[in-house]
Structures are given as structure tokens and as C-alpha cells.
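Visitor: Pasting a structure here, questions to come.
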Amino acid sequence: MTGIKQVRLSGFGGQGVVLAGLLLGQAGVFDGKYISGSNSYGAQARGSGCKSEVIFSDGPVDFPHLTTADILVAMSQGAYDLYCQDVKKESGLILYDQGFVTPREDLRVKHLAIPATDVSIKRLKNKQAANIVFLGALIEVTHIVSPKAIRKAILVHVGERFQSLNLKALRVGMELGRKMDG
Amino acid sequence: MTRALEKYIRPGVKSTPFCPGCGHGILMGLILRAIDDLKMEMKKMLFVSGIGCAAWIPSPHYNGDTLHTLHGRAIAFATGAKLYNPDLCVMVVSGDGDLSSIGGNHLIHAARRNIDLKVICANNMIYGMTGGQVASTTPKGSRTSTTGEGNPYRPFDLCKLVEGAGATYVARFSVTQPILLIQSIKKAILHKGFSFIDVLSPCPTQYGRRNRLDRPDEMMKDLIRRCILEEEIEGLTEEERAEKIITGEFLS
Amino acid sequence: MPSKWVKTPFPKGRYYFSGNEAAAEGAIAAGCRFYAGYPITPSSELMERMAVRLQEVGGVFIQMEDEIASISAVIGASWAGAKAMTATSGPGFSLMQESIGYAAFTETPCVIIDVQRAGPCTGQATKVGSGDIMQAKWGSHGDYQVIALSPWSSQEMYDLTLRAFNLSETYRVPTMVMADEAIGHLRETIQIPSRVEIFDRMKRKGRAPFDSEEEDGVPPMPSFGEGERLAVTGSTHDGFGFRKTDDPQVHARLVSRINKKILNHRRTIIETEDYLIEDAEIALITYGFTARTSLYVVKRLRKEDWKIGMLRLKTLWPFPDEAVAQLGKRVRKILVPEMNLGQVAGEVRKYVPCDVHSLTQTNGEVIRPDVLIETLRRM
Ligand SMILES: Cc1ncc(C[n+]2csc(CCOP(=O)(O)OP(=O)(O)O)c2C)c(N)n1
Ligand SMILES: [Mg+2]
């Protein structure tokens, strides 16, 4: 099963986790990947715990749901606590919302602190853009999809009114990601 | 039925299935007279019915397209056909039980949409086909095979019901008022929008014999006596009014 | 049966569609131009997309007052000449059953997509299940046949919905796509081709629309308004639609034909796929979302040198009896994993001499690989 990457985005309802997953999967399709995506649905998607999972593969995906995450994005403490153990040891990666999530120290998984909510309030004047800031950071750090593809995905799936905000959030997120790399 | 109307009858049909004294057979002829008066093209007419004696009025007797559906669902089937092919003149002919009880929800929703269907309810105030059980149109106090002591509940006033729901042509006539009824059917056919005619049709077999009107002619005479036009109400005492059935065009 | 290749109305390419969206697109490509439905989780997105797409392609969309009205309007539209469909989930599927029987008996083409959720009753509305498989076949009263297909991917929601229309038109039979919540909501890369092959119902002026010289024949089907003076009825009828409710021969002949016209064409209707069964000693028989879990598990266990393979049922009804029987002769054990209490396992047992095990799961969740592996190890 080489060539498969499993990404789980998580947070609470209203943080835009489902949209972020949709954009990520769509970008993967634009990049020519086989994608299987699923997300919380119904009351879940609105309520407390919300997740969106995207499987990236070079060929058809057999089991289309996530088995163990290669990458976890945790936008809330609840989501972090629920999913942090489900990330591949050693090779896995967790991105968490700095200032809102306190990571555990006993996990043998690389952690990156991304101040996504903070930055979206301060620089974008809109807390709702934290999901896209995370996407930007994620893409910059992992290169899981191309920047061109994610921009195109935003243009396809985000209403005109919010496109420029989202594109800006993406840029800001990528800057954060670059700092992490360096 | 006169020979002149034979061309509206599907070749191969030899007789009608109705009991002696049943009003449905009269209605069957009156609808065709209206169609004949208007020179409607039978090729473009679709007759939809549910299940019950009344549903046999068009099916298979009329020589247009006939769609004999399930109990209560005629209007839903008709809605699909009309929406997909608006060139069809779609007439629903079915019973009171069929249209207003099991199919009551479809009736009010079609009226709400004001979809161009001509709905003719052959109202014998009873479930005729299944042996004379109480219907949502049975008058209070009437005896039926399931209300031996008399129906404890009020009936629907179907005209008020569909009018309230949004129908745009609404009338009530009895088969004992043939001229007025033919006029009304013609208006319904020409009307664009949801048209509804509540047609009183005697059922001596199931209704009459339980309510001291056993002989076919007695039921007819009873309807003739009780059906009055709106404008004739004036001057009647409360008591006289109570037993009358008000007929006429209520909305056109 | 006449077929033609037509350009797809949606631009060729790779898309990221949910199963529900893909099914709507497959329907439009098949020529569906009428949809009537009633909202129900987890099928509603399909209806919402049809509302938009039918307007774009000049079809008719209507949200009806309930599911009985929806399927009834679909049948009415089908006789008016439309390729017509509805979609629903368990509770709505239950309400539709009387009309589905009507469609079967009057030989009305129509497509019903059931995005199954966890039943019985209202059950878990947003959760997955696969408990309507028997209902698809036996839900209405009397002896009749339907065709039911089982997609395992977003791509197949497109492909099999298209095929459902083709089969429905060819055999004049209600055809069901038995999807489930997990497939309906799964977003995947799907390929929309530039052209698809579609089948239209056969028309022959003056010919009996309800009888055929062959005992398993499919009669031609005219539409309302064409001057054929159709008489359509759900009562027993002769070739021209005259009620024959007292004639034992007419009834027997009609019931027999509407069954044989499907069963005798099983070979062309049924599709199955097998994976790694050449040397297999254990086989999974599987369908729908669970087939994805199964393939994953088969490949995993092959790496551990298990002699294991699987047969996937793309068609559920008519039941793929031959493929199942053949498999049953080759392997020692069969396991049928499903999100119900063994509906297909019971069917499999009718056709095979070997051991048939059943993995049943009715907790509103998909069967995950570890659960399936665990079951296989214990067997
Ligand atoms: C679902 C269903 N329930 C019950 C019946 C039985 N049934 C057949 S006709 C009928 C009553 C018909 O009464 P109405 O519509 O008033 O017609 P009438 O016979 O009085 O003209 C009933 C209850 C049926 N055919 N289908
Ligand atoms: Mg009646």
C-alpha cells in the first residue's frame, strides 16, 4: 500500500473542517491523484466533534476510509485528544492550533504548532479563516497538493464573496508553514 | 348513451360495470358530452383514476389514454404525466374515498400547486366498491357497514377543502343536474389551473339500502329534492336548510 | 434492443464528486429528464443536484408531498414518455413499495435510488446500513421481479445509475440502485466520459403494449398522447390493457411473463467481479461499501500467504446464482460480510454446498478491515 497518504482534519462544528477537507481532496484530484474523502455528517458536522478525512493515492483506493492517519490537523483540544493516538508513530505529523490546543508530550509523533486562529483574527480579521490558514501551512510543510491546485479548488468550491479572503488565508498559512520548515 | 358518443368509447367495451341506479354511469356519459361539446381531441386526453367503482368511469371505457392507478394515488400519477407533457389535457376521475381520504394529501397539495388537472370526484358518500363502509364524505348520522348506529363524525365539505388549499375552479353538482354539470365540466376543461368538481352520485346498493332509500329512483328523487343552488337558499328555514345540499360554482 | 452513443451533458473529465452527486450526473447522462422526490437523509444531496441539473438540461423537477407521491409521479411521467427517477432512503423506500409493485406489473421503466441508512424504522438517520436488500426484491406484494444494482464507489454511482436506466428501459422494469450512506457521501475521483451508450424504450405503433409472443418477451411501450389510446392498469390485464380480473389464464400468463422476462435474461443483466479467486480456498462474497473493505483485506491477507479471494456482486437482483454456485464449488469456505443480519448470506446458502459464514454488523458503522480480518482468523 505504498503511495497512500491519509490525512485527518478535525475540530468542532463551524470551524470549516468539512470545507477544508473538500478543498484538499479537490486539489488532489486536480493534481491527478486518486482521492477518497469522507467527513462527519448531519448533527456531528454541526455539533462538537467534526472531522474530514482525505486519502491520497497513486492508484485506485481499496478501503476508502482512514485507517491510521499520516497527518492530523487538530483545531480543537477535543479533537486532538480524540485523534492524537491514531497517528502513525515516527513518520506521522500533527499540526495543532497553537494557543488553543495543548499537545501531549508522550507521543512519538512530530508536532508543529500553527497559530492559525490567532493569525486569522489578527491578520485576516476573521476567525473563520483558520481552516484555510491550516491548509496553507499543511501544504507548505508536506507538499501533499500543489499550491496551484488548492487555489483552483478554492475558486471552484468557495462562493465569490469569500474567495479573496480564502486565497489570502492560504498565503498567510503558507508563510507560517515556511517558517516551520526553516 | 346515445350513438353519437360511441366514438369516445374504446372499441371492445361492451357494457358498463355499474349497479342499477348508480350515478357513476350517468356521470360517465355527461363527461363525454362535455368533451363532445368542446370537440376535444381524445388523442390528447389522459384520464387518470384511482381504485373504486368511480375509478372505472374512464378506465378502460374512454377512448383516450387511460391510467388506472392505485387507491388514492391518481392525482400524484397525473401530476407526473402533466408536468412532463403539458400538452396533455389531464382529467382525474375518481371516488370520494379515493380522492379525499387515502388520497387527501395529494388532493390538497395539487390544489396548492394549482397544477392544471381537471379533478372530478364521483361522490357517493360511501366506499362503494368495498361494501359500503363509512367514508370521509358520509353525512353525520348515516348508517354504513361500519357505523351501524350512524356515523358519529362530520363529513368533509370537499369544495371548501380544495378552495382553502388553493384550487382555482371549484363547483358542486349532482348527476341529477345534468345540464349544469355538463357546463361545469366544460368550464373545468377550459380552465387553466386546478379544477375540482364534487359530483354527487347516488349509490343505492351500498348507501341507499342502509338509509331507507333502497330503490334507485328513491335516491335520485332524494338528490333532486335536496340539491339546490346557492341563490335558492334564501327564505328557507334553518331546518329546511340543514337537509339541503348546496350546489353551484363556488370559484371560477 | 436499439442503443445509441450520445455525448455526455457534463464536460468530460476527472471530478471530485460524492456518490450522491455522481448518481445525479449518471442519471442526466442516461437521459433522465424527470425527477420527483421527498427529502430524506442521507439521499437529499442527490435530489438537490437533480433540481439544479434538470433545470439546466430542460427537464422537470418536482418536490412532492411524500414518497408515495414521488414514485407515483415518476410512473406517470414515465408513461408520458420520460426517463424518470426518484431517490430516497429506508422510510421513504418503505412508503414507495405499493407503487413499485404497480410499476413492475404495468411494466413501467423507472429508477429508484435507495441510499440505505441504519434501520429498522427511523433508526439512525445519518448512519450507514444495508438492511433494505431483501425489501428491494420482496417489498411489494405478489410475485414480481425487479433489477437491483450495488455500487461500491462514487464512480459506480455514476456508472450504475446510468446502467440502471438502460436496464429499466430495455426490460421495462423498475430498477434500483441500492447505495448506502457511506457510498452516497464518499467523495472520490471520478471520470466522466465524453460519450455514453444509452438505451431507449422500444416503440411500435399498434402493437400490444402488455403482451409478447415470447413467454419472456418485453413488449413495446408507447407514450401518452401518441394516439395509441393506451389503457394502463395495475389490475390483471390483457395485451391491450383490458382488465381481466376473472381469467385465470390471463393472470398466470402475465405474472409468468413479467418474471421470466427478467429471470431468463439473467446472463445479460447480472454483473459480478472476482478478485484473486483462482487458487482461493476461502472466498468473500461481498457488495456495496463492504466490498471495499473486503478487497483491502483480501490483498492484506494475500501478503500473509492466505489463499483468499472475493466475488463482488454488482447486481443483487436478479441474484447472481450461477457465479455464486460456481464459486461455492471451488472454495472450502465462504464469508459474507454485510451491514445487516445476513440478508445476502441467506441467499448465498441456497446455491452453494460449502460452509457459508456470515459477518453481520448493524451498529450504524461500516465494517472496518480489522473486524473482517479478525472474523477470518477465527473461522
Ligand atoms: C391501499 C388500498 N387500501 C384499500 C383498498 C380497498 N379499496 C378498494 S376501492 C376502496 C374504496 C373506494 O371508495 P371510493 O373511492 O369512494 O369509490 P366508490 O367505490 O365509492 O366509487 C377501497 C377502500 C385498496 N384497493 N388499496
Ligand atoms: Mg365512494
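Visitor: Which whole-angstrom value gives the distance between the alpha carbon centres of the range B:61-76 and the range B:132-180?
Guide: 21
Visitor: Counting only residues 5 or more places away or on other chains, whose amide H sits under 5 Å from the amide H of residue C:335 once H atoms are built in the peptide plane?
Guide: When sequence neighbours closer than 5 places are left aside, the close amide H contacts are C:283, C:284, C:285, C:357.
Visitor: Right, something else. Label 7 Å along Cα→Cβ of residue B:38; the range B:186-222 residues with amide nitrogen under 18 Å?
Guide: B:186-199
Visitor: Let me confirm the definition first: pairs of Lys residues in the range B:135-252, 8 or more apart or on different chains, C-alpha distance under 22 Å. How many are there? Write out the running numbers ahead of the final one.
Guide: Values: B:140/B:160; B:140/B:221; B:140/B:244; B:160/B:186; B:160/B:187; B:160/B:192; B:160/B:244; B:221/B:244.
Going through the range B:135-252 pair by pair, I get 8.
Visitor: So how do C:280-292, B:70-82 stack up, highest first, on mean other-Cβ count within 10 Å? Could the numbers behind the result be given before it?
Guide: Values: C:280-292: 26.0, B:70-82: 29.1.
Packing order, densest peptide first, comes out as B:70-82, C:280-292.
Visitor: Taking R0 as 60 Å, what's the FRET efficiency between residue C:377 and residue C:143 from their Cβ-Cβ distance, rounded to 0.05?
Guide: Details: r = 42 Å, r/R0 = 0.70.
My answer for the efficiency is 0.90.
Visitor: Taking Cα atoms, how many degrees apart are the long axis of helix B:178-190 and the longest axis of chain B, rounded to 10 and kept between 0 and 90?
Guide: 40
Visitor: Here's another thing I want to ask about it. What average number of partner chain Cβ atoms lie no more than 10 Å from the Cβ of the residues making up C:281-294?
Guide: Mean number of neighbouring Cβ atoms from other chains: 1.
Visitor: Between residue B:105 and residue A:171, what's the calculated FRET efficiency when r is the beta-carbon distance and R0 is 60 Å? Round to 0.05.
Guide: 0.65
Visitor: Could you calculate the contour length gain from residue A:107 to residue A:88, that is, 0.36 nm times the residue separation minus the distance between their Cα atoms, to one decimal place in nm? Please list the in-between numbers first.
Guide: Working: separation 19, 0.36 × 19 = 6.84 nm, distance 1.01 nm.
Using 0.36 nm per residue and subtracting the Cα-Cα distance, I get 5.8 nm.
Visitor: Please sort A:153-165, C:139-151, A:79-91, B:166-178 by packing, taking for each peptide the average over its residues of neighbouring beta carbons within 10 angstrom, highest first. Mind showing how you got there, number by number?
Guide: Working: A:153-165: 14.3, C:139-151: 20.3, A:79-91: 16.3, B:166-178: 22.2.
By packing density, highest mean first, the sequence is B:166-178, C:139-151, A:79-91, A:153-165.
Visitor: Report the one residue of A:54, A:100, A:153 whose Cα lies farthest in the direction of the positive end of the charge dipole of chain A (charges on C-beta: Lys and Arg +1, Asp and Glu -1; origin at the Cα centre).
Guide: Working it through, the farthest residue towards the positive pole turns out to be A:153.
Visitor: Using only Cα atoms, find the angle between the long axis of helix C:67-79 and the longest principal axis of chain C, and express it within 0 to 90 degrees, rounded to the nearest 10.
Guide: On a 0 to 90 degree scale, this one is about 60.
Visitor: Relative to the longest principal Cα axis of chain C, at what angle does helix C:248-263 sit, 0 to 90 degrees, rounded to 10?
Guide: The helix C:248-263 is inclined about 50 degrees to chain C.
Visitor: Quick one: length gained pulling residue C:4 to residue C:355 fully straight, 0.36 nm per residue minus the C-alpha distance? List each step's numbers first, then the result.
Guide: Working: separation 351, 0.36 × 351 = 126.36 nm, distance 4.48 nm.
That works out to 121.9 nm of additional length.
Visitor: Based on the inverse mean of 1/r over its pairs of different Cα atoms, what is the Kirkwood hydrodynamic radius of chain C, in Å? Write down the numbers at each step before the final one.
Guide: Working: mean 1/r = 0.0474 Å⁻¹.
About 21.1 Å for chain C.
Visitor: Counting only other chains, what is the mean number of Cβ atoms within 10 angstrom of the Cβ of each residue in peptide C:58-68?
Guide: Values: counts 0, 1, 6, 1, 6, 0, 8, 10, 4, 0, 8.
Mean inter-chain Cβ contacts per residue within 10 Å come to 4.
Visitor: What pairs from A:110/C:303; A:89/C:307; C:203/C:314; A:110/C:299; C:329/C:350 go past 23 Å between their alpha carbons?
Guide: Details: A:110/C:303 30 Å; A:89/C:307 31 Å; C:203/C:314 29 Å; A:110/C:299 30 Å; C:329/C:350 13 Å.
Beyond 23 Å between Cα atoms: A:110/C:303; A:89/C:307; C:203/C:314; A:110/C:299.
Visitor: Using the Cα centre of the protein assembly as shown as the reference point, and only Cβ charges (+1 on K/R, -1 on D/E), how large is the resulting charge dipole? Debye, rounded to the nearest 20. The partial results should precede the final answer.
Guide: Numbers: 98 positive and 89 negative charges, 308 e Å.
With only Lys, Arg, Asp and Glu charged at Cβ, the dipole is about 1480 debye.
Visitor: How many times 2.2 N^0.38 Å is the alpha carbon radius of gyration of chain B? The partial results should precede the final answer.
Guide: Details: Rg = 17.0 Å, N = 252, 2.2 N^0.38 = 18.0 Å.
Normalised Rg, Cα atoms only: 0.95.
Visitor: Here's a follow-up. Placing +1 on the Cβ of each Lys and Arg and -1 on the Cβ of each Asp and Glu in chain B, which of B:158, B:4, B:146 has its Cα farthest towards the positive end of the resulting dipole?
Guide: Going by the Cα projections, it comes out as B:4.
Visitor: With charges set only on the Cβ (+1 for Lys and Arg, -1 for Asp and Glu), what does the dipole of the range A:67-124 come to about its Cα centre, in debye to the nearest 20?
Guide: Details: 7 positive and 8 negative charges, 35 e Å.
That gives a dipole near 160 debye.
Visitor: Take the alpha carbon gyration tensor of the range C:155-201, find the square roots of its eigenvalues, order them as a ≥ b ≥ c, and report rounded if a/c is under 1.5; if not, report prolate when a/b exceeds b/c, else oblate.
Guide: Numbers: a/c = 5.73, a/b = 1.40, b/c = 4.10.
It comes out oblate by the Cα gyration axes.
Visitor: Grab every C-alpha pair in the protein assembly as shown, bin the distances at 10 angstrom width from 0 up to the longest one, and report whole percents.
Guide: 3, 13, 20, 20, 16, 13, 9, 5, 2, 0, 0
Visitor: Something else about it: Can you tell me which aspartates and glutamates have their Cα less than 14 Å from the Cα of residue B:14? Leave out same-chain residues fewer than eight positions away.
Guide: B:6
Visitor: With the crude spin-label approximation of a point 7 Å out along Cα→Cβ, what separation in nm comes out for residue C:251 versus residue B:215?
Guide: Here the modelled spin labels are 3.9 nm apart.
Visitor: Need one value for A:56-64: mean number of C-beta atoms belonging to other chains within 10 Å of its residues' C-beta atoms.
Guide: Values: counts 0, 1, 0, 0, 6, 7, 11, 13, 13.
For this peptide, the per-residue mean of nearby foreign Cβ atoms is 6.
Visitor: If you take the beta carbon distance between residue C:304 and residue B:87 as r and set R0 to 51 Å, what does 1/(1 + (r/R0)^6) give as a FRET efficiency, to the nearest 0.05? Don't skip to the end; give the middle numbers.
Guide: Numbers: r = 66 Å, r/R0 = 1.30.
Plugging the Cβ-Cβ distance into 1/(1 + (r/R0)^6) gives 0.15.
Where a number appears in this text, it was derived from the coordinates with a stated rule and is not lab data. Small disclaimer: the values here were computed from a predicted structure and weren't measured. Methodologically, a virtual Cβ is constructed for each residue, glycine included, from the backbone with ideal geometry; neighbour enumeration extends over all protein chains shown.
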